[in-house]
Amino acid sequence: MSAIYKNVFSQGPISSEFIAKSIAKHQSKTGIGAHNIFLGQVRADTIDGKVVAAIDYSAYEDMANKKFHEVREATFEKFELSCMHIYHSLGAVKTGEICLFVFVSSPRRKVVFEALEYVVEKIKAEVPVFGKEIFEDDSYQWKVNS
């Protein structure tokens, strides 16, 4: 029997309203001294003379959710965190829109900076989420993590 992991995926871009609601839930928690947020945004990179218009994200969802869970647990083991949220887009996300939202909270200020960098690097290196860069001329290529 396989374990059930929290679904971290959002169809399409992650909205500013969703981000604001996620953050607002923690304002009344008096044991938290610091929050830190990472927002991954699709860039209009120019590659071989073509401009990226969007990235179409895909994943093996069960495998990716399991890996997100492992990254989350490893981060909690390494750092004194009060909470953490991770959300990643699936489907098309246009340039300027948010595709990755990571939010960490801790009693201590310094911890949130170290933890956020750690978790984002682990996500980029280990989680099987794939991006197809769609260019303005509708051609595409598979994204290289950067």
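The values are calculated or read from the model by the stated rules, or taken from the named source; none is laboratory data. For clarity, every value in this text was computed on a predicted model and none was experimentally measured. Virtual Cβ from ideal backbone geometry, glycine too; neighbours counted across all protein chains shown. Note: areas computed on protein heavy atoms with side chains; ligands, DNA, RNA excluded. Shrake-Rupley method; radii C 1.70, N 1.55, O 1.52, S 1.80 Å.
Of a type in the set (Val, Ile, Thr), touching a Gly at 6+ places or on another chain (Cβ under 8 Å) and open to solvent by less than 20 Å² (accessible area, probe 1.4 Å): does that describe Val127?
Working: of a type in the set (Val, Ile, Thr): yes; touching a Gly at 6+ places or on another chain (Cβ under 8 Å): no; open to solvent by less than 20 Å² (accessible area, probe 1.4 Å): yes.
For Val127, the condition - of a type in the set (Val, Ile, Thr), touching a Gly at 6+ places or on another chain (Cβ under 8 Å) and open to solvent by less than 20 Å² (accessible area, probe 1.4 Å) - is not met.
Please determine, by comparing only the residues of the range 101-122 that are aliphatic (A, V, I, L, M) and open to solvent by 10 Å² or more (accessible area, probe 1.4 Å), which one is nearest to Phe79 (Cα to Cα).
Filtering the range 101-122 for residues that are aliphatic (A, V, I, L, M) and open to solvent by 10 Å² or more (accessible area, probe 1.4 Å), the one nearest to Phe79 (Cα to Cα) comes out as Val111.
Listed residues Gly49, Gly33, Gly12; which is at positive phi and in contact with a strand residue (DSSP E or B) (Cβ under 9 Å, 6 or more places away or on another chain)? First the steps, then the outcome.
Working: Gly49 fails: in contact with a strand residue (DSSP E or B) (Cβ under 9 Å, 6 or more places away or on another chain); Gly33 fails: at positive phi.
Result of the check over Gly49, Gly33, Gly12: Gly12.
Output the qualifying pairs, or none if there are none: Cβ atoms under 7 angstrom, residues six or more apart or on different chains, first residue in the range 70-99 and closer than 29 Å to Lys132 by Cα and small (Gly, Ala, Ser), second residue open to solvent by less than 50 Å² (accessible area, probe 1.4 Å) and in a strand (DSSP E or B).
Correct list of pairs: Ser89/Ser10; Ser89/Tyr57; Ser89/Cys99; Gly91/Tyr57; Ala92/Ala54.
Of everything in the range 77-93 that's out of contact with any helix residue (DSSP H, G or I) (no Cβ under 9 Å at 6 or more places or on another chain) and among the hydrophobic types (A, V, I, L, M, F, W, C), which residue is least open to solvent (accessible area, probe 1.4 Å)? Steps first, please.
So the first thing to find is which residues in the range 77-93 are out of contact with any helix residue (DSSP H, G or I) (no Cβ under 9 Å at 6 or more places or on another chain), and the list is 77, 82-83, 89, 91-93.
Remaining after also requiring among the hydrophobic types (A, V, I, L, M, F, W, C): 83, 92-93.
Numbers: Cys83: 16, Ala92: 65, Val93: 0 Å².
Checking each candidate, the answer is Val93.
Could you count how many residues in the range 26-54 are without any contact (Cβ under 8 Å) to a residue 12 or more places away in the chain and either of a type in the set (Ser, Thr, Tyr) or touching a Pro at 6+ places or on another chain (Cβ under 8 Å) (or both)? Steps first, answer last, please.
At the first step, the residues of the range 26-54 found to be without any contact (Cβ under 8 Å) to a residue 12 or more places away in the chain are 27-28, 30, 46, 48-49.
Those still in the list that are either of a type in the set (Ser, Thr, Tyr) or touching a Pro at 6+ places or on another chain (Cβ under 8 Å) (or both) too: 28, 30, 46.
So the count comes out to 3.
Kindly provide the set of residues from the range 111-146 that are touching a residue at least 60 places away in the same chain (Cβ under 8 Å) and farther than 23 Å from Glu70 by Cα, ordered by number.
The answer is Lys132, Glu133, Ile134, Phe135, Glu136, Asp137, Ser139, Tyr140, Gln141, Lys143.
Identify all residues within the range 6-48 that are more than 26 Å from Arg109 (Cβ to Cβ), open to solvent by 70 Å² or more (accessible area, probe 1.4 Å) and not acidic (Asp, Glu); write none if there are none.
Lys6, Asn7, Gln11, Arg43, Thr46
Scanning for something in a loop (DSSP other than H, G, I, E, B) and either free of Cβ contacts under 8 Å to residues at least 24 places away in the same chain or touching a helix residue (DSSP H, G or I) at 6+ places or on another chain (Cβ under 9 Å) (or both), does the range 55-62 turn up at least one residue? Full working, then the answer.
First, pick out the residues of the range 55-62 that are in a loop (DSSP other than H, G, I, E, B): 60.
From the residues that got through so far, the ones that are either free of Cβ contacts under 8 Å to residues at least 24 places away in the same chain or touching a helix residue (DSSP H, G or I) at 6+ places or on another chain (Cβ under 9 Å) (or both) too are none.
No, because not a single residue in the range 55-62 is in a loop (DSSP other than H, G, I, E, B) and either free of Cβ contacts under 8 Å to residues at least 24 places away in the same chain or touching a helix residue (DSSP H, G or I) at 6+ places or on another chain (Cβ under 9 Å) (or both).
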